[in-house]
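Chemist: Encoded as structure tokens, here's the structure I'll be asking about.
Just so you know, all these numbers are worked out from the coordinates, no wet-lab data involved. Note that this is a predicted model, so its numbers are computed, not measured. Every residue, glycine among them, receives a Cβ derived from its backbone with ideal geometry; neighbour counts consider all protein chains shown.
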Amino acid sequence: MIKIRKRITVNVIMSKMATKIKKTKNILVTGGAGFVGHHFVEHVLKNTDWNVRVLDSLNYAGNLNRIYEIKEFDPKRVVFVWHDLRAPIRGATKKLIGDIDYCVHFAGESHVDRSIEDSIPFVLTNVLGTANLLEYIKRNQPGCKTLIFSTDEVFGTAGNEVQYNEDSPFRPSNPYAASKAGGEMIAFSFAHTFKLPISIVRSMNIVGTRQHPEKFVPKTIRAIFKNEKVIIHGRNKNDLSLRHWIPAKNVAAGLMFLLDKAEPGQFYSISGEERSVLDVANILSEAIKKRPLKSGEIKFVEYETARPGHDKRYSLSGEKMARMGWEPPTNIDSYLREIATWTIKNPHWLQD
């Protein structure tokens, strides 16, 4: 009896120990060396104990220095996997990725002007690349919860007072937007046909630190800092491009929220706050020069001159996420000032 009791006691202790030991989760972040991707990697490192696989092809927009500059960067937790998703994931790449619990897919081409110059890289990366990733997940990690990151631009320009929701019809007005719509439909088809836990998330005009200098915010910061004219898309102060701007920190937090809450085959929007391009430029100028831009410091460029098929306004409704309990943690105006201050202290991120 004594021996039996001891054995039972030992079994109970071991059982309790086993319940306390939790397997550390693994997450694959494609495009994790890119602008939005690295902000999400930073959020994961700060707020979880998960291990991160960063898969990136390190094209012109990818930069591992973004990862290395993260305060919480830990080489024991972060594994870099070089791969171009225009090719299937096989062999050594598959082994490096290993078992994953989650995947957030940022990898893609994202610059409208470049897509107008040559659409083919956008179709290959954003459509074929998404298909290659999902074929890998279907064959090797079918239980992996996956978020496909997309853009509001799939809906095209938004008229005054219009806010697109998750079920609005596609009207992409440039090749980049069309390629993202194609990637979304590939993802939806995999969720539907193969019953995979895949969801699609759209966001818009994301701003933050370490953004590529071709984008509006860093380009404007550089112009203000160098006392050059700031390019503003619009005919005058009363006729300007309008966007819903969103902090990269909010996007990262929203995606983490959706990893827990998103349903397979569903669409979600992480929305921002509406400001004109001049509003944003003035906030940046106030942070750097302690005043808004003067009229002589602004160069207005009409929409048609700026780019073919230019969309004057984009807008996404955030009602669905709000109903789910999502609250954006950061205000856009204060975040823009934070970006300006940080960037002036880290001018190497303004170099082409």
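Chemist: If each DSSP helix of 4+ residues adds -39,500 (n - 2.57) and the sum is divided by the residues in the chain, what number results at 222 nm, nearest 500 deg cm²/dmol?
Modeler: -12500 deg cm²/dmol
Chemist: Be a star and scan the range 29-61 for residues whose amide nitrogen sits under 18 Å from the point 7 Å along the Cα-to-Cβ vector of residue 79.
Modeler: Taking a point 7 Å out along Cα→Cβ of residue 79, the residues of the range 29-61 whose backbone N falls under 18 Å are 29-33, 41, 45, 49-57.
Chemist: Right, next: In nm, to one decimal, how far is the residue 139 label point from the residue 58 one, both placed 7 Å along Cα→Cβ?
Modeler: Placing both labels 7 Å beyond Cα along the Cβ direction yields 2.6 nm.
Chemist: Based on the alpha-carbon gyration tensor of the range 241-287 and its eigenvalue square roots a ≥ b ≥ c, which shape applies: rounded if a/c is under 1.5, prolate if not and a/b is larger than b/c, or oblate?
Modeler: Cα axes put the range 241-287 in the oblate bin.
Chemist: Still on this structure: Under 13 Å from the Cα of residue 145, which aspartates and glutamates turn up, not counting those fewer than eight places away in the same chain?
Modeler: Filter leaves 99, 101, 260, 263.
Chemist: Restricting the calculation to Cα positions, tell me the Rg (one decimal) and the Dmax (whole number) of the range 65-144 in Å.
Modeler: Cα-based Rg and Dmax for the range 65-144 come out at 14.7, 41 Å.
Chemist: While we're looking at this one, here's another question. Say R0 is 25 Å: what FRET efficiency, to the nearest 0.05, do residue 163 and residue 324 get from their beta-carbon distance?
Modeler: Computed FRET efficiency for residue 163 and residue 324: 0.90.
Chemist: Only bridges whose two residues both fall in the chain count here: according to DSSP, what percent of them are antiparallel, nearest 5?
Modeler: Of the beta bridges lying entirely in the chain, close to 15 percent run antiparallel.
Chemist: Take the chain, drop everything but the C-alpha atoms, weight them equally and run the Debye formula without solvent; then report log10 I(q)/I(0) at 0.06, 0.11, 0.13 Å⁻¹ to two decimals.
Modeler: Values returned for q = 0.06, 0.11, 0.13 Å⁻¹ are -0.24, -0.74, -1.02.
Chemist: Return the distance in nm (one decimal) between the two label points of a simple spin-label model at residue 348 and residue 231, each offset 7 Å from Cα along Cα→Cβ.
Modeler: In this crude label model, residue 348 to residue 231 measures out at 2.7 nm.
Chemist: Provide the packing ranking of 149-156, 217-224, 258-265, i.e. peptides ordered by the mean count of other C-beta atoms within 10 Å per residue, highest first.
Modeler: Sorting 149-156, 217-224, 258-265 by mean packing, highest first, produces 149-156, 217-224, 258-265.
Chemist: Also, quick follow-up: Please give the Cα centre distance for the range 149-182 versus the range 208-225, rounded to the nearest Å.
Modeler: Between the Cα centre of the range 149-182 and that of the range 208-225, the gap is 24 Å.
Chemist: Could you calculate the contour length gain from residue 239 to residue 86, that is, 0.36 nm times the residue separation minus the distance between their Cα atoms, to one decimal place in nm?
Modeler: 51.0 nm
Chemist: Kirkwood Rh over alpha-carbon pairs of the range 226-343, then Stokes-Einstein at 37 °C and 0.692 mPa s: what D in µm² s⁻¹, rounded to an integer?
Modeler: 204 µm²/s
Chemist: For the chain, return all DSSP H helices satisfying: extent of Cα atoms along own axis at least 24 Å; mean Kyte-Doolittle hydropathy at least 0.0.
Modeler: For the chain, where a helix must reach 24 Å along its axis and average at least 0.0, the hits are 2-20, 175-194.
Chemist: Beyond a 22 Å Cα-Cα separation, which of these cross-linked pairs lie in this structure: 76/345; 71/345; 46/138?
Modeler: 76/345; 46/138
Chemist: Please work out how much length the chain gains when fully extended from residue 49 to residue 69, using 0.36 nm per residue of separation minus the C-alpha to C-alpha distance, in nm with one decimal.
Modeler: 5.3 nm
Chemist: Could you pull out the pairs from 237/320; 219/290; 25/195 whose alpha carbons sit more than 29 Å apart here?
Modeler: 237/320
Chemist: Over all directions, average the projected area of the Cα convex hull of the range 198-266 and note it in nm².
Modeler: The directionally averaged projection comes out at 6.5 nm².
Chemist: Now a separate question. Fully extended, how many nm does the chain gain between residue 185 and residue 301 (0.36 nm per residue separation, minus their Cα-Cα distance)?
Modeler: Extra length available between residue 185 and residue 301 comes to 38.3 nm.
Chemist: Normalising by the residue count of the chain, find the relative contact order in percent from Cα pairs under 8 Å and 6+ residues apart.
Modeler: It comes to 17 percent, rounded to a whole number.
Chemist: Convex hull over the alpha-carbon atoms of the range 134-216: what's its volume per residue in Å³?
Modeler: 135 Å³
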